[in-house]
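Here the structure is laid out as structure tokens; the discussion comes afterwards.
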Amino acid sequence: MGRFVVLSGPSCIGKGPLVKALKIFHPHLVSGFQQVILYNDRAPRPGEVDGVDYHFRPRAEIERFRGDPGYVVADVRGDLQALELGRIQAILDQGGTPFFEGNPFIPAILRQAGVFDRYPALTVFLSPLSREEVLALKNPALKADLPALVADVQRRKLLHRTTRQKTYLSFKDLENIEKRCGSAYNEMKEACHFDWVIPNHDGEGNDNWDALYFPVGDARKTLEAFAGLLRGEQPHGRVEKWEPDLLP
């Protein structure tokens, strides 16, 4: 049986450009990947395609999936999302690799539903801070407000991405950014439940991913760390395992 590959982390952490870089620089590792596409009630962002990025549907339609054992449904930063469980088995039956790339709320529900007990899985979390950085910032002498710091780190990424997409931001855009960056710290608390954690400071929209064609900086290190896990190599270097009590 194949395995279910899960890549997750806060909004704008760099999941999308990581997958794009894998397809360019390590195509053999993702040749059998088939995205498990979520249903989502929000409007598409510029460049997003229905049935490719998400199944964009009215909220009332997704609400009807609640209580259906064939779906998992989650409220995600103001969006209502759902995943069809049968799609995982269908991809495996076709000899493919089911691949989920998205927020940590869906994997949490999948874990509770025993999906990762049913299927072999590789679960990887991208974090805006490394374990060492978290431990350093927990030093009482620094008086660091970790949730506020994480929110600010992700706010900068989100502002950069959204400005690149739209140039001028509306009040609704800013509200959406605040929801996403405000959720990041609680999402990081899910990292301890993943097989591995990879810290990445080069978020979505960062020039290190594609401005020079070849990924550089943290983008390159994150790419190679994830590629190593997909190859089945012994985790080392940037690949971390987080303990449940790391984040207060």
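The numbers here are math on the coordinates, done by the rules we state, and not lab data. On a predicted model such as this, the values are computed, not experimentally measured, just so you know. Note that each Cβ is placed from the backbone with ideal geometry, even for glycine, and that neighbours are counted across all protein chains shown.
The table that follows gives values for the structure above.
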item	result
Footprinting exposure proxy for H28, H55 (fewest neighbouring C-beta atoms within 10 Å first)	H28, H55
Phi-based couplings in Hz for segment 87-98 (Karplus 6.51, -1.76, 1.60; Gly and Pro marked x)	5, 4, 5, 4, 5, 4, 5, 7, x, x, 10, x
Relative contact order (%) - criterion: Cα under 8 Å, at least six apart; region: the chain	27
Helix-derived mean residue ellipticity, 222 nm - over the chain, DSSP H n ≥ 4, -39500 (n - 2.57), to 500	-12000 deg cm²/dmol
Around L230: net Lys/Arg minus Asp/Glu count, Cβ-Cβ under 11 Å	0
Environment charge at P215 (Cβ cut-off 11 Å; Lys +1, Arg +1, Asp -1, Glu -1)	-2
Segment 10-151: relative contact order as a whole-number percent, Cα under 8 Å and 6+ apart	24
Inter-centroid distance (Cα atoms) of segment 77-132 relative to segment 1-24, Å	11
Relative pair counts by distance (%), Cα atoms of segment 162-232, 10 Å bins	16, 33, 37, 13, 1
